[in-house]
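Shown next, in structure tokens, is the structure this report addresses.
The values are calculated or read from the model by the stated rules, or taken from the named source; none is laboratory data. Treat the numbers as computed from the prediction; the structure is a model and nothing was measured. Heads up, the Cβs are rebuilt from the backbone with ideal geometry, glycines too, and the neighbour counts pull from every protein chain shown.
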Amino acid sequence: MPEINGPGMFAGAVGLAAFDPWREFVRRLIIGASIVSVVIMACHAQPPLPDGTVASRKDVITQEQILSTGYTNIYDVIARLHAEYFRDRGAVSVKLNQHARAVVFLNDQEYGIPETLRNFSASGVAEIRYYTGTDASAKFGSQYGGGVIQLISRNQ
């Protein structure tokens, strides 16, 4: 009969390591989670198209997508294709003077709040890029923690 060496520890045969059922459970759980995360990452990756571009990106709206909506202003285009760009992120920081909502940039210059896009013609935009708070802070400055919607004009 094997001896019990503490809670859940069995030492049966001489020379064998003690078996801990809880440790084995955690080990198998970690292995399983690792396998699931690898499968998810592999399935999530988008293969490039023959011309080398990615089929669909959530952070970019192309000129073709803009024109295909039939809308005349950029606000309506974004509201139709990626309304999440306009979502209020709430208080970003207590100490820093950061915007809680995305700020609009025209090329590399600050343009205003998202509502100003109602007056911006869709025909003048080549591309719309969205930067999350982290990416916007790194690219445009720490005060843009709510994100940035960057318009790339056709005549840039």
Q. Restricting to the stretch 136-156, what's the tally of residues that are in contact with a strand residue (DSSP E or B) (Cβ under 8 Å, 6 or more places away or on another chain) and either free of Cβ contacts under 8 Å to residues at least 24 places away in the same chain or of a type outside the set (Lys, Arg) (or both)?
A. 13
Q. Inside the stretch 108-135, can you point out the residues that are within 19 Å of the chain's Cα centre (by Cα), over 14 Å from His82 (Cβ atoms) and at pLDDT 90 or above?
A. Asp135
